[in-house]
Amino acid sequence: MTPKQPFSLHYTGLIDKYRERLPIAPGVPAVSLGEGGTPLVKLHNLIQFLALEIDLYVKYEGANPTGSFKDRGMTVAVTQAVDEGSRAIICASTGNTSAAAAAYAARAGLTAFVIIPEGNIALGKLAQAMMHGAKVIQIKGNFDQGMALVKSLADAAPVTLVNSVNPFRLQGQKTIAFEVVEALGRAPDYHCLPVGNAGNITAHWIGYCEAAGVPGERTTAACAYCKGQCRFVSDRLTEKRPVLLGYQAEGAAPFLSNAFVDNPETVATAIRIGRPQSWESAWTASRESGGWFTGVSDEQILHAQKMLAEKEGIFCEPASAASIAGLLVDLEQGRLIPGSTVVCTVTGHGLKDPDTAISSSAKPMTVAAEEGAVKAIILDNIG
Ligand code: AN7
């Protein structure tokens, strides 16, 4: 028999850690893969290299079990679905939601149906959904059309919708704010993130409001943020809340034009979204925090992705790099107060999109299998 430990350091995921702050009852077993608890990494090298006058961190969500922040939402949504007796889940996805849905459904013994835009999701994400045994349905259309489909299907068929219109998703995703506050000892001055369907910016704001103990009207069922699912506990984790800065790819930027976009296009396929579902709540969160939205070009996104990988050892997917690319644009324009503490959410792992990474990197060198040939390269490149 194993001797009883006086305490356990075994981290078992964000529901076990934050249950009193989540709408999951005490006895309900969590469907978890150990998500959350991701690294908050200070970007010493970039700060120095770019002579930035801010304290800059990334919250590296690529370190979640399926490689994106979606795991935070999926553990709560799937735990709730199982508790309600559901046997199947469905989502539309630009890739990461489908990967997370597939994995958590596998863990829970549910069937996952995922609807993806044919030809427009990164290869790694498709591999994940297929590998976990999801029923993968490709549509000849984009994410927004897939979203419209799953919303009507969830009413017509016995499946639980696990896109972020499901309020349990945002409840899970709000925990990122708790972790940042715990790590820094307070909220940052600015929190930057890429915006697509706009669930995550809404979830960040829910989390920071709860951490700062600012319920307002947010506990009612009509609340645009949490639809009545917020939990406020007495211990306040931080005094103030950050300014939220939302970044969009220029070809898929409804928050910049303040109008839906019919044919969104960007290299960052994860945020190739023209009709964000959390439209109202994202506007409110942005406004309430004193924040704004900024657009970035595909070129700026790929440049930021490369810089983060080469200077800091952090490999993120293109959509995630929009948070760094956008911050650099805002800094360039002098829109941030110098001396501020800034956190960028880096939403997904770079391995998910190997094609884009390979096409934006130097090709491998091919030489004879001889010491002289390799040595010549070393001497040429040692700097
Ligand atoms: C890496 O997987 O919408 O603004 O279907 O995968 O909350 O939508 C992905 C979104 C940012 C945008 N970064 O977050 C999907 C999907 C990455 C993402 C976003 C997504 P939201």
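The values are calculated or read from the model by the stated rules, or taken from the named source; none is laboratory data. All of these numbers come straight from a predicted model, not from anything done at the bench. Cβ placement follows ideal geometry from the backbone for every residue including glycine, while neighbour counts extend to all protein chains displayed. Calculation scope for accessible area: heavy atoms of the full protein, side chains included, ligands and nucleic acids excluded. Shrake-Rupley method; radii C 1.70, N 1.55, O 1.52, S 1.80 Å.
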So, first residue under 27 Å from Gln80 (Cβ atoms) in the stretch 229-242, second residue open to solvent by 40 Å² or more (accessible area, probe 1.4 Å) and acidic (Asp, Glu), Cβ within less than 8 Å, six or more apart or across chains; the pairs are Arg231/Glu20; Val233/Glu20; Leu237/Glu182
Q. Would it be correct to say that Ala81 is open to solvent by less than 10 Å² (accessible area, probe 1.4 Å) and under 19 Å from Ala198 (Cα atoms)?
A. no
Among residues of the stretch 22-49 being more than 18 Å from Glu182 (Cα to Cα) and open to solvent by 60 Å² or more (accessible area, probe 1.4 Å), the residue nearest to the ligand (Cβ to nearest atom) is Leu33
When the stretch 165-204 is checked residue by residue, the ones that are touching a residue at least 12 places away in the same chain (Cβ under 8 Å), open to solvent by 10 Å² or more (accessible area, probe 1.4 Å), part of a loop (DSSP other than H, G, I, E, B) and out of contact with any strand residue (DSSP E or B) (no Cβ under 9 Å at 6 or more places or on another chain) are Val165, Asn197
Here the residues within the stretch 205-240 that are modelled with pLDDT of 75 or more and either at positive phi or open to solvent by 70 Å² or more (accessible area, probe 1.4 Å) (or both) are Gly213, Lys227, Gly228, Arg231, Asp235, Arg236, Glu239, Lys240
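Restricting attention to the stretch 301-310, does a residue exist that is in contact (Cβ under 8 Å) with a residue 60 or more places away in the chain and either away from the ligand (no atom under 16 Å from the Cβ) or touching a helix residue (DSSP H, G or I) at 6+ places or on another chain (Cβ under 9 Å) (or both)?
Taking the stretch 301-310 first, the residues in contact (Cβ under 8 Å) with a residue 60 or more places away in the chain are 307-308.
Add one more test, that the residue is either away from the ligand (no atom under 16 Å from the Cβ) or touching a helix residue (DSSP H, G or I) at 6+ places or on another chain (Cβ under 9 Å) (or both), and what stays is 307-308.
Checked the stretch 301-310: at least one residue is in contact (Cβ under 8 Å) with a residue 60 or more places away in the chain and either away from the ligand (no atom under 16 Å from the Cβ) or touching a helix residue (DSSP H, G or I) at 6+ places or on another chain (Cβ under 9 Å) (or both).
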By residue number, the members of the stretch 304-350 that are open to solvent by less than 10 Å² (accessible area, probe 1.4 Å), farther than 19 Å from Thr66 by Cβ and of a type in the set (D, E, K, R) are Asp330
So the helices (runs of 4 or more DSSP H) completely within the stretch 304-383 holding 3 or more residues that are more than 23 Å from Leu43 (Cα to Cα) are 354-359, 371-381
Over the stretch 252-265, the set of residues open to solvent by 10 Å² or more (accessible area, probe 1.4 Å), in contact with a Lys or Arg (Cβ under 8 Å, 6 or more places away or on another chain) and not aliphatic (A, V, I, L, M) is Phe260, Glu265
